[in-house]
1. Ranked highest first by the average count of other Cβ atoms within 10 Å around their residues, in what order do 12-19, 527-534 fall?
2. Per DSSP H run of at least 4 residues, take -39500 (n - 2.57); add these up for the chain, divide by its residues and hand me the 222 nm value, nearest 500 deg cm²/dmol.
3. Please give, to one decimal in nm, the separation of the simple spin-label points placed at residue 110 and residue 76, each 7 Å out from Cα toward the Cβ.
4. Does region 103-184 classify as rounded, prolate or oblate by the C-alpha gyration tensor (a ≥ b ≥ c root eigenvalues; a/c under 1.5 gives rounded; else a/b over b/c gives prolate, otherwise oblate)?
5. Given Cα positions, please report Rg to Rh for region 654-724, the hydrodynamic radius being the Kirkwood one.
6. Specify the inter-centroid distance of region 693-725 and region 502-547, based on alpha-carbon positions, in whole Å.
7. Could you work out how far apart the two model spin labels at residue 425 and residue 543 are, taking each label as a point 7 Å from the Cα in the direction of the beta carbon, and quote it in nm?
8. Taking a quarter of the surface of the Cα convex hull of the chain, what do you get in nm²?
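Where a number appears in this text, it was derived from the coordinates with a stated rule and is not lab data. The structure presented is a predicted model; accordingly, all values stated were derived computationally and were not measured. For neighbour counting, all protein chains shown are included, and Cβ atoms are generated from backbone atoms with ideal geometry for every residue, glycine included.
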Ligand code: BGC
């Protein structure tokens, strides 16, 4: 951790929007064994030693619940320090999440307070010499600060850089009393530049705009490489989709300005934003040396930036559109797992919405190894949990809104999911109290015993059965809330059993909720209501609930009416109760509304709305229409877990043993799933060959294989089975 000698420093005067550059010169002795920089800041920083970047962490120190936790990074900078010479360490400190106008779309009480935080830096460069001596360069008043060439930088509003700006003289930094008690080491995955994309096409729009198409929606930024004269400007705007006429469009970013303005110096130069990120596929060139038309593909590279998680899941099958949907789910995860799980990466939100994180988490755990990523975020959840156990709608909780069912329930679902996928009961013991407190909160705040009544919730968010003008589907909020209340109580029981805790009170509570649910809701009125009643095992007769769900879907013309809450369960319920064919019909449907509809409209990430772009090319709305919002991508967990059938087992968590129970469908023809578990590679594939289905399975551990309803236990190995189609 940071040595006591380092103190928080800030610029002597408020620099407004300009990013301060802190610096310190020092002379290093010879015979350096190791040099290490420990650093954090109130904002996001880029640190350099003699012009070489310390580490590769983009948007460091990351986003945590800053009132309680602020990560300190440690970088090995041995190779950057010059022995026996004068050295300079410099740090740019942008507003980042700490000092940006979060949340963007409305005023929050503490928003102004946050923005008033000083641009604080805390760092300590430690040099160990071969002779055993140690020298330190801690932040203190000997550091200098001046205005940098980054003239503006903010989370939502982008960045302005002036390479021709000559920084003036520097002032001494001013020590201040910053947050010392909240410092923690790096817990999450580092956010890195993970992929570089070329421009696929340069488009001239009907309006005459020059627009770069990267062919893929990403979260990150654009690197430019230009030859220019001092004062030339590169000015870019970002968008996700063109409008109906093919013109550049980004009204859906709402108040997020997403600026990118670079003023050149003389000669050849490359530049990329340093302290912000954008969500985009299309980039309009507003200004460019020689005019926008002079922009060439080679001048631009898209850089996708996300948390450094290992990819663990792969799916390919016999429908190219479905394969594209899978890819869209992967890209939405990349684009929204930028240090915390967010709803979207582009408009004036980009927040850790708990509901979005919750519904997509299972799919996310197949796609990538998310354990470290989520362990950090769940600690923030715990830190932000209120005294009475309430959990907010976003974590870090910059919104400070009361809880909602299905959103705040990530408090119990999150730890359980990590336990299932990665097998470490440590996550359960770390969160057991928090899980219980969450359930206790509901028990203590409900207006009716056994139900979760008397509160407002987000309901089946964006359900297609929403009354006109509303974002909430027409499923009853209290039914959803009670279903989740039961589920959370049940997870407390399961977690408690793993930990050897006495959970009899929660078991009783669960039974009470289930009985109350049955009493209060003898009938289910919507697809989502049926799905939840069956999925959470609350219905007296889950099969009847599934039957009713299937009937309702058919009566609706074979379509879903569900939103964020219902959608992730529907296919599971259908396949569980004998409607696998209908589940596939929904999965493979191309017309609106369906998962593949967005693919037919050219989507490269998952859309927030089933009809983000309607049949006639117009938009669902301009206010709330993200094209990179992973909630509906939750369907990937059904493809891994049911279609390919690779499932974690509660009695052998972390894939110590696996269940492989594939469910083939002739229309899809074939499917291949690979999942890199902690115990090795699990694969499951099937293919229709004439009148038979050929299954190919690989398991590194004991497996329970279920084919055509017949269960067999097999040991590690590769297997081929044939069954009648
Ligand atoms: C966010 C969502 C979120 C919802 C709930 C939206 O603005 O983008 O994804 O879950 O609000 O209110």
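1. Output ranking for 12-19, 527-534: 527-534, 12-19.
2. My calculation for the chain gives -8000 deg cm²/dmol from helical runs alone.
3. If labels sit at residue 110 and residue 76, their model points lie 3.8 nm apart.
4. Oblate, because a/c is 1.5 or more while a/b does not exceed b/c.
5. The Rg/Rh ratio comes out at 0.97.
6. The two parts, judged by their Cα centres, are 33 Å apart.
7. In this crude spin-label approximation the distance works out to 3.6 nm.
8. 33.1
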